[in-house]
Amino acid sequence: MVLLAKVACCGQSSIVTGRLQCSHLPKESKMAVSIPTDSLYSALNSVKKLRTFMGDLFKVLSSGGVGCEKADKFLDSKFVEDVQDYINKINQAFRDLEQSTNNLSAPAGPFSLGNSALLSQESVPNKQALYKQLVKSFKWNDKVHEYSAMSLPLLSFNLLKRSHANSSPKRRRIQPNCHNVPPQVVDSAIAFVDRLFPNMTMSVTRPYTSNAVLQITLGRVFQGLISFKGLMIEWVMIKGLGEQLDLWTESRYKVFQKVTENTHAAMLHFYSPTIPDYAIRSFMTWLHSYQSLFSDPCKSCHNHLHNNMPPTWRDYRSLEPYHEECKH
């Protein structure tokens, strides 16, 4: 079995112009490893002959005595001679195989698998693919090292001059702390927004320590939850009026699922660490434009429905409604 595995390992290499090159080596090291083609052909032919003789022997043994007139003809001299002849051929083929494999060497790679190389000889079917997976993982590991070595000199040409590590103390920017403000500041900012939109009901709760959770109801259109971390909007969930509100379960209606996705994009668009109160007002103004979700047509196609959906997108500047397929 060790000899067969050795031949099989060498047989996985590719033969090009009379020389054998290892297919799993990098491009720069393929020419360094080569095995004579004649030795490999001789080893493979020895394996083929050995398997053929073994098959013929078992075929003779399985049919011995069948069709004979007398039972003692099972030990007939001709039958014994045939069996002995195949055994001699098997011994000769095995010696040829052993001699051929001694002239071969396992192709060396840029990595060392150690004792894991013996996994290729595993007889359990669910473990036979483990060796190939290990080889692939080592290939990707070598590629990562190669690409990182190539990218290092390229990235060194473009240093981040405006980063805090390279900037002088006089020009260093003040780190934003909008996520760490007193609860009174958050309540004041929400109260100011509440006065701007009379038809949007707002109530503040703090189920998670000092971080506020704002529950809104926009007319007869939808309801939602807005989670704050200080003055920074952290999460938004929009649902229908008859649904149970929570921060993690999506609405069962497709239209409100789309509105929730768009609010997440708007949350990132209006984010401003330097003027967080203005970011909250801008976001709530944009969200308030959904009061005409089921009444205004799309500004692009001038239709109320497209693929059975109303205009669920609002422009960040003009607040005009658009379908998902019609937006800019």
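Coordinate-derived values only; no laboratory data. Computed from a prediction, not measured in an experiment: that's the story for all the values here. Reconstructed Cβ throughout: ideal geometry from the backbone, glycine too, with neighbour counts over all protein chains shown.
The gain in end-to-end length when the Glu320 to Arg252 segment is fully stretched comes to 21.9 nm, 0.36 nm per residue minus the alpha carbon separation. The trypsin sites (Lys or Arg not before Pro) of the stretch 298-328 that DSSP puts in a loop, and whose beta carbon has at most 16 other beta carbons within 10 Å, are Lys299, Arg317. Taking the inverse of the mean 1/r over every pair of distinct Cα atoms in the stretch 217-317 gives a Kirkwood hydrodynamic radius of 14.2 Å.
Can you work out the FRET efficiency for the pair Arg195 and Lys299, with r the C-beta to C-beta distance and R0 = 25 Å, to the nearest 0.05?
On the way: r = 29 Å, r/R0 = 1.17.
Between Arg195 and Lys299 the formula returns 0.30.
Taking every alpha-carbon pair under 8 Å whose residues sit at least 6 apart, the stretch 233-304 reaches a relative contact order of 21 percent.
Please find the FRET efficiency linking Asp142 to Leu245, where r is the Cβ-Cβ separation and R0 is fixed at 56 Å, and quote it to the nearest 0.05. Before the final figure, lay out the partial values.
On the way: r = 52 Å, r/R0 = 0.92.
With R0 = 56 Å, the Cβ-Cβ based efficiency is 0.60.
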